[in-house]
Every structure is written in structure tokens, then in C-alpha cells.
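What follows is one structure encoded as C-alpha cells, with my remarks underneath.
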Amino acid sequence: MRLHFTEAQRAFRAEVRAWLEANVPAEPLEDFDTEAGFTQHRLWERTLSDGGWGMVTWPKAYGGRGCDLIEWLIFEEEYWRAGAPARVNQNGLFLLGPTLMEYGTEEQKRRFLPAMASGEEVWAQGWSEPGAGSDMAAIRCTAVRDGDHYVINGQKTWSTRARWADWLFGLFRSDPASSRHRGLTFLLVPLRSPGVTVRPIRQLNGLPGFAEIFFDDVRVPVDNRLADEGAGWQVAMATAGFERGLMLRSPARFQQTARRLVQLYNERRAEADMDPAIRDAVVRAWMGAEAYTLSTYATASRLIKGGHIGAEASLTKVFWSELDQRMHETAMAILGAEAELLPDGGGDESRSWLEGFLFAQAGPIYAGTNEIQRNIIAERLLGMPRA
Amino acid sequence: MDFTFSDDQLEFTDTVAKFLRKEVTPTLIRSLWETEDGRSPELAAKLAELGLPALSVPEALGGLGLGDVDWLPLAREFGYSALPDALLDTAWLAAGALAEDTGNPVCAELLTAIAAGEARIAVGHPANPLVEDAHRADRLLLLHDDGLHLVPASEVRLEARGSLDPSRRLFAVGWQPRAETRLTADPRVAARLFDRGALAVAAQLVGLSQRILDLSTQYTGERQQFGKAIGTFQAVKHRLADVAVLVEFAKPVLERAAYALANGDPLAPVFVSHARVAAGDAAAAAARNGIQVHGAIGYTWELDLQIFMKRIWALDGAWGPRRFHKARVSDFVVDRAGGLDPGDLFAAAS
Ligand SMILES: Cc1cc2nc3c(=O)[nH]c(=O)nc-3n(C[C@H](O)[C@H](O)[C@H](O)COP(=O)(O)OP(=O)(O)OC[C@H]3O[C@@H](n4cnc5c(N)ncnc54)[C@H](O)[C@@H]3O)c2cc1C
């Protein structure tokens, strides 16, 4: 054990900080779930990747910077500290990216990763279906082999950012006779293909943050398959590991929220201190964010030494999502009568407590609900009997 | 001791509840979101026909001469239906304050108009930086350092501010207090107005919690995953059962508060605050667990659940947030060692 940043890591942090200070837009961008905001965020991804910061952990050949996971965490800390724009391509960069790295062919990596890092191709995730939410193995959307193509029919739903995204990665039933976890295949589907219909779904804040997608004889080349036919479930579980843990929701985000909460508390101390539970919650927020960060550094260290993320990603998912919910509830309690006011001129969840509060309600639902995570923790980590 | 509502109270509540369920549908609520002023004059007229504006007006002035205890179950129903109208401000809060001085011809005249459904009064208090439904008011009842003022709509400047809950129409109000607008300098009237405001919020929060429970038990009984209704999973059941426990134990706390307020009990402020905290805790849990058991569909604009969650989140800061009310309770119990004798349960009024 050696708990301090090395000289090189400190230099890396300084380099990230300097670049962000020089490049982060002074004015916040519009919400990325608006058409204008989506375009602005895509352009920002371009700026990031021109600076070599698109996805720092990837090899340079794929548009990355060749950094290790510790540097990734440092990058994220600086990114959130700088108040830089939300990552519009987060599902591609943080979920599909690492999955491609593990399961993709060399050709697939070269085809997809650089365009992902530059924001040229924005990705949506297509797992859930109307009948397959928590019970993801109930997927019915089919992809039937026809020569060197798959023909997709059926429906996906709740697909984040699919409204304006270019590509979708999803799980499809390639063996119509199969059931549950068998016979599923992981495919990469261009959303502008003939036969694809994207219908936006408005979220609590009124913006079309996700969409349902209908497939009507959509033809996708076999080359767009990740791993073997029928191996989709195993690939998807690897992706879920990234989603529940350090990639999609790195600790920096929550550290930043905790810092903002401490600041809010200090600004409004006279009102906040009416209820000692608020001060307590603020302190707990900081401790929680700190604990999540430490745990993630420990995980990253283990992964660097060749470890793997398994069911313990479920512990992570429960921890950050409930921490986030409590932090935003505390902020609302401090704000009191002002909490309900819509932010002047908009503002995404990293700036507006109200937007953040709404989004925090989704945390215990997406990436696998917390009930499901608790089942996984109990059954797979604690070895308790299955229901 | 009789801790029950009378048959008359229950019957009237039932009539109002039936009316609200039929008329104040999510479809109506959503259609009003899209309108400029957010209110339906037809709905207001029908509510007046039911006699609701007349409730707190003394009988001598054409009213029903009822009070806080009668309002409580009605306000719960207003919450249950997420009524898109600040009727309670006119009919419970303002009428309640005006009825304290019926010798004043201004009050008497206005109360008569309220009873007839012909006057709408918006209520402004420093606890709320903004005033609800100020755009529809003939007069505004506004608290200033020197007392409570009754200000004609023509004398105020309004600036609309958006709320998380599109049904709430909130306004920053610019006005100048004048000697002629002052209704009373008695701080006790303003204090009772505040407590009524807080109790009205508490009652609506309880009704809203019940609505979320009803929507959630229904949905989880229908939605299937893993080949069975998700309501069969213990984790789902327990989330809703937890809310039911909180709601159940908020109700009598609210009833004591209403009774104390109606009877001029000096401990009414403490009891109201207790009610407001209990209702707020129940409602926060109802919204949190309600959306959770719905899954992603609960996070959509389409699902009506949002109407009730957003009303909860918006009201939770109104008429003193929970932190304020908790401080009033803690000041009484901890700092003044109040309420520690079993005989204190119903305080001085008993
Ligand atoms: C903001 C947001 C973004 C999303 N983005 C995407 C995306 O990009 N791509 C995608 O594919 N999906 C996405 N989802 C969908 C998400 O994966 C699902 O919402 C989630 O898997 C739950 O499924 P469901 O919504 O159908 O809820 P359900 O499965 O119907 O669950 C409803 C409730 O029942 C509980 N429950 C279900 N089964 C059990 C059980 N066995 N034991 C105990 N409790 C149980 C759940 O925990 C939940 O509380 C997103 C969701 C949200 C909210």
C-alpha cells in the first residue's frame, strides 16, 4: 500500500487542470437533451478529442491518450471540478468503449473507437424492452440471420439520448427458439438504417432524454456483431459492470456535488441550522463521497494488477445512487421554499439543484434497479439462498 | 374525548371527494398546464357551487360558519386530486383571517363576497417568497412588518416565476403598504394565518401521499416481470408498506393540530409544526418510493405519477419548510421541556 499520488500523477493533474481552464466554455451549454444543446455538446466532444482528452484511457491508436485507470480518476476529478460540459457520448465512451476493448475485433476497434472519442458518432444503449426491464433475459426483439446480415424486428425502450444519437448497441434474440439468457447476441446498429423509427419519450423535466425504438426488418451486417452469436448476455454483463461502477459514474461527480452542498450549507447556514439533521446530512454527504472515491481508487488499483469487476459492481451502484439521492434531498431541504423554482435560463444537473434532484430520482432505477442490485449482493456476494 | 369526524363532516368530504375524482382528472390538470393562466373558471364555479368558499365564512355573512377541523379532510382530498387552484388560500386562509374581525366592514363585505364565490384572495407571507394565484386575485392579503394588509389587485406588480409543478402559478409581488391597506396590526392574526397555511400544506401532503400509494399499489399489481406481478416481490411491497405506516401516523397528528387551531389553543403552533413535519416525511417517502416501484416509466412526463410527486416536492418548501417546523417542535420539547406530562396531550384546550 502506498497512498499518495506520484510525481507523474501530480503533473498529469496539473496538465489536465491547465487545459480545462483554457478550454472549458465560460457559458454553460444548453441541456444536451435539446436539439441545440446536443449539437453544442457534440462540438465540445470534438474540442476535447482535438486536445487529446476524448477518452484518456484508450490507446492512442484509437483516439485515446494511453492513460491508466488512476489517471482516469484524476482526469474525472479535474473535469468535474472545472464544471466542464456533461459527456453527451457517455454511453458510448464509458459503456460500449470498454466492452469493445475487451470483446471487439481489431477491425471493430479501429472502425468505432476513434469516431466515438471525437463525438462524431454518438451512441445509445438498447437493452430494455417494454416487457424486459429488471428481467432483461426476457428480451424478445429478434435478430434473425439472413446470409451475411441480421434482420432485426421488435422494440427497445428507455434508450438514453437515442433521440439524436447515431448508433445503438443492443441485445437481440438471435435464436428465436431460445429462452432467457441463451440465444442473445450483441449488435451494433446504425440508427439511421431503413426500418428504424425512434420515438422520443419525455422525462420528468419535460425533455426527450430517452426514446423508444421500433425495428421493422432492419438489416445489419454480421460484421457489426460483438463476440459470438449467442454470447450476448456474457458481453452485456461486462458492460453492466462498467455502468454500475467506475466508468459511467466515477466518484468525481459525487465529490463535486458534496462540495457544492457544503458550499450551499455555508451560504445558508442560519436557515439550515434550524434542523441539526441538515448539518449532519451535509457531513455525511462529504464522508460518503470520500468513501466512494477511496473505494474506486482501490478497485482501480486492483484492476491495474489484472483483477476483474464482478458482482461487487452492484455494491457500488447502490452506494452512489443512494448517496446522490440523499445529497439532493438535503440541498432541497436547505433551499426550502426556493427549491421548487425552475432555474433561470435552464441549467443541467451539475448546476441546478432542482434538475439534479429530479435526475437523482432515476439513479436507483437505471443501470439495474437497486432492488435487483441488492438481490445480486445477497445471492452472489453473500451466498444467501435464491428466492 | 371523541377523536372522530362527525357524520356531516364525513358526508361532505365524501361529496367533495366524488366531485374531485370526476372533475379534476389528470387530463384536466395537463390541459391547464398548457394555458396562460393555468386556471379553470368553470372548475372554480363548480367548487363554489359545492359551497366550499363559504365554509369558513360566518353564518351571519352567508357562510357555513365552519372551521379548521372541517377543512382538514377536504384539504386532504384537494391534495389527493392535486387540485390546480389555490382555493384554500381564499377560502380557508384568507377567510379564516378575515373572520377574526367581522366588526370591520371591509372584512364583512369581503367575507360575503367570498361566500358567494365572487372574491378570490391571494395570500402572501414572508415564509413564501412568491404568492400563488396572485394573477387571479381581486385582493391580496399580504404580511408586512407592521401587520396584515389587504391590497387591491390594481396596486400590485406581478412577475411570474416558474415552478417545478406546472400547476403552481407563482408570482413575485411588488407593493407599497399604506395606512389604508392595513387590516390589523395584531400579530396573533398573522401567526394564525401562518399556522393555517402550514396545516393546509400538511393536509394536502397526506392526500398526495395516499394518491401515490393508490397509484403504486395498482401499478405494481399489474406490471409483470420474471413472470409475476412486481407487487409480489417483498422489496416492492415493503417500500409501499413503509409509506403506509408514515401516512397512518401523520393523520392523527394533523387532526390534533386542526382541533388546537380551531380552538385557539396556545400550543397550536407546536402541534401544527409537528403535523407539518410528519406529513412532509410521509410525502417525501411516498414520492421516493412511488417512483422507485414504477421503474423507468415513473421517470416519464407521460405517466400521471409526476403530477403528484411534483406537487409534493413543490409544497414541501411552502409555509415553512420542514426544518423550520422541526425547530418549532424542538424548541418546545427540548428547550422548554414542554409536552412531557401525559396530561399535556391535548394541551390547554382540553
Ligand atoms: C433515466 C433512465 C435512463 C435509462 N436509460 C436506458 C438506456 O439507455 N438503455 C436501456 O436499455 N435502458 C435504460 N433505462 C432502463 C432501465 O434499465 C430500467 O428502467 C431498469 O432496468 C428497470 O426496469 P423497468 O423500468 O422496466 O422497471 P421494472 O423492472 O418494471 O421494475 C419496477 C420495480 O419493480 C422492482 N422489481 C422488479 N423485479 C424485482 C425483483 N425480482 N425483486 C425485487 N424487486 C423487483 C424494481 O426494482 C422496481 O422497483 C433507463 C432508465 C432510466 C430511469
If you check A:PRO276, A:PRO364, which single one turns out to be under 28 Å from A:PHE75 (Cα atoms) and within 14 Å of chain B (Cβ to nearest Cβ)?
-> A:PRO364
What residue, of B:ALA314, B:ALA283, is part of a helix (DSSP H, G or I), more than 9 Å from chain A (Cβ to nearest Cβ) and touching a helix residue (DSSP H, G or I) at 6+ places or on another chain (Cβ under 7 Å)?
-> B:ALA283
Inspect the stretch B:243-254 for any residue being modelled with pLDDT of 95 or more and in a loop (DSSP other than H, G, I, E, B) and give the result as yes or no.
-> no
Out of the stretch B:297-310, which residues are crowded, with 21+ Cβ neighbours inside 10 Å and either among the charged types (D, E, K, R) or within 9 Å of another protein chain (Cβ to nearest Cβ) (or both)?
-> B:GLY298, B:TYR299, B:GLN306, B:MET309, B:LYS310
Answer residue from the stretch A:144-159, given it is under 20 Å from A:THR239 (Cα atoms) and open to solvent by less than 30 Å² (accessible area, probe 1.4 Å) and is nearest to the ligand (Cβ to nearest atom) among those | A:SER159
What number of residues in the stretch B:238-258 are without any contact (Cβ under 8 Å) to a residue 12 or more places away in the chain and charged (D, E, K, R)?
-> 1
Does A:LEU341 count as more than 16 Å from the ligand (Cβ to nearest atom), out of contact with any Leu (no Cβ under 6 Å at 6 or more places or on another chain) and in contact (Cβ under 8 Å) with a residue 40 or more places away in the chain?
-> no
When the stretch B:160-207 is checked residue by residue, the ones that are of a type in the set (S, T, N, Q) and farther than 29 Å from B:ILE312 by Cα are B:GLN176, B:THR181, B:THR184
Restricting attention to the stretch B:189-204, does a residue exist that is over 30 Å from B:LEU74 (Cβ atoms) and modelled with pLDDT of 95 or more?
-> no
Filter the stretch B:81-113 for residues that are open to solvent by 30 Å² or more (accessible area, probe 1.4 Å) and assigned to a helix (DSSP H, G or I) and give the result.
-> B:ALA99, B:GLU100, B:ASP101, B:PRO105, B:VAL106, B:GLU109, B:THR112
Name the residues in the stretch B:186-240 that are away from chain A (no Cβ under 11 Å) and outside any helix (DSSP H, G or I), would you?
-> B:ASP186, B:ALA229
For the stretch B:196-237 the number of residues that are near the ligand (Cβ under 10 Å from one of its atoms) and within 28 Å of B:ASN263 (Cα to Cα) is 0
Specify the residue that is nearest to B:LEU130 (Cα to Cα); the eligible residues are those in the stretch A:294-339 that are open to solvent by 50 Å² or more (accessible area, probe 1.4 Å) and among the small types (Gly, Ala, Ser).
-> A:SER295
For the stretch A:373-387, what are the residues that are within 7 Å of the ligand (Cβ to nearest atom) and either more than 9 Å from every other protein chain (Cβ to nearest Cβ) or under 17 Å from the mean Cα position of the chain (by Cα) (or both)?
-> none
Residue that is farthest from the ligand (Cβ to nearest atom) [pool: residues in the stretch B:317-327 that are part of a helix (DSSP H, G or I) and open to solvent by 10 Å² or more (accessible area, probe 1.4 Å)] | B:ALA327
Check the stretch A:160-167 and report whether any residue there is more than 14 Å from chain B (Cβ to nearest Cβ), buried (at least 22 other Cβ atoms within 10 Å of the Cβ) and away from the ligand (no atom under 14 Å from the Cβ).
-> no
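Quick check, is B:VAL277 within 11 Å of chain A (Cβ to nearest Cβ) and closer than 23 Å to B:ASP70 by Cα?
Details: within 11 Å of chain A (Cβ to nearest Cβ): yes; closer than 23 Å to B:ASP70 by Cα: yes.
Considered against the rule, which asks whether it is within 11 Å of chain A (Cβ to nearest Cβ) and closer than 23 Å to B:ASP70 by Cα, B:VAL277 comes out as yes.
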For A:GLY133, the lone unmet condition from (1) touching a helix residue (DSSP H, G or I) at 6+ places or on another chain (Cβ under 6 Å); (2) more than 14 Å from every other protein chain (Cβ to nearest Cβ); (3) open to solvent by 20 Å² or more (accessible area, probe 1.4 Å) is (2)
Please specify each residue of the stretch A:87-129 satisfying the condition of being away from chain B (no Cβ under 14 Å), within 14 Å of the ligand (Cβ to nearest atom) and open to solvent by 20 Å² or more (accessible area, probe 1.4 Å).
-> A:GLN90
Could you tell me whether any residue of the stretch A:19-27 is under 30 Å from A:ARG302 (Cβ atoms) and assigned to a helix (DSSP H, G or I)?
-> yes
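Given the structure, is B:SER330 at pLDDT 95 or above, more than 16 Å from the ligand (Cβ to nearest atom), of a type in the set (Ser, Thr, Tyr) and open to solvent by less than 40 Å² (accessible area, probe 1.4 Å)? Steps first, please.
Working: at pLDDT 95 or above: yes; more than 16 Å from the ligand (Cβ to nearest atom): yes; of a type in the set (Ser, Thr, Tyr): yes; open to solvent by less than 40 Å² (accessible area, probe 1.4 Å): no.
When the stated conditions are applied, B:SER330 does not pass them.
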Do we have any residue at all in the stretch B:29-49 that's part of a helix (DSSP H, G or I), within 17 Å of B:ALA200 (Cβ to Cβ) and of a type in the set (Gly, Ala, Ser)?
-> no
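Working only within the stretch B:298-308, note down all residues that are within 14 Å of the ligand (Cβ to nearest atom) and either touching a residue at least 40 places away in the same chain (Cβ under 8 Å) or more than 22 Å from B:ALA244 (Cβ to Cβ) (or both). Working first, answer last.
Here is the first cut: in the stretch B:298-308, the ones within 14 Å of the ligand (Cβ to nearest atom) are B:298-303, B:305-306.
Listed by number, the residues that qualify are B:TYR299, B:THR300, B:TRP301, B:GLU302, B:LEU305.
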Test set (1) touching a residue at least 40 places away in the same chain (Cβ under 8 Å); (2) crowded, with 24+ Cβ neighbours inside 10 Å - B:ASP281 fails condition number = (2)
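Here is a check on your reading of the model: is B:ALA257 touching a Ser or Thr at 6+ places or on another chain (Cβ under 6 Å) and among the aliphatic types (A, V, I, L, M)?
Numbers: touching a Ser or Thr at 6+ places or on another chain (Cβ under 6 Å): no; among the aliphatic types (A, V, I, L, M): yes.
So B:ALA257 fails the test.
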Give me the pairs, please: first residue somewhere in the stretch A:181-209 and part of a loop (DSSP other than H, G, I, E, B), second residue anywhere and more than 16 Å from the ligand (Cβ to nearest atom) and among the hydroxyl-bearing types (Ser, Thr, Tyr), beta-carbon distance under 8 Å, and either six or more positions apart or on two chains.
-> A:GLY183/A:SER174; A:LEU207/A:THR34
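I'm checking my understanding of the structure. Among residues of the stretch A:340-387 that are of a type in the set (Asp, Glu) and part of a helix (DSSP H, G or I), which one is least open to solvent (accessible area, probe 1.4 Å)? Walk me through how you get there before you give the answer.
Going through the stretch A:340-387, the residues of a type in the set (Asp, Glu) turn out to be A:340, A:344, A:348-349, A:355, A:371, A:379.
Adding the requirement that they be part of a helix (DSSP H, G or I) leaves A:340, A:355, A:371, A:379.
Numbers: A:GLU340: 10, A:GLU355: 38, A:GLU371: 35, A:GLU379: 49 Å².
If we take residues in the stretch A:340-387 being of a type in the set (Asp, Glu) and part of a helix (DSSP H, G or I), then A:GLU340 is least open to solvent (accessible area, probe 1.4 Å).
The values are calculated or read from the model by the stated rules, or taken from the named source; none is laboratory data. These figures come from a predicted structure and were not determined experimentally. Using ideal geometry, Cβ is built from the backbone for each residue, glycine included, and neighbour counts are taken over all protein chains shown. Accessible surface areas use protein heavy atoms only, side chains included; no ligands, DNA or RNA. Shrake-Rupley method; radii C 1.70, N 1.55, O 1.52, S 1.80 Å.
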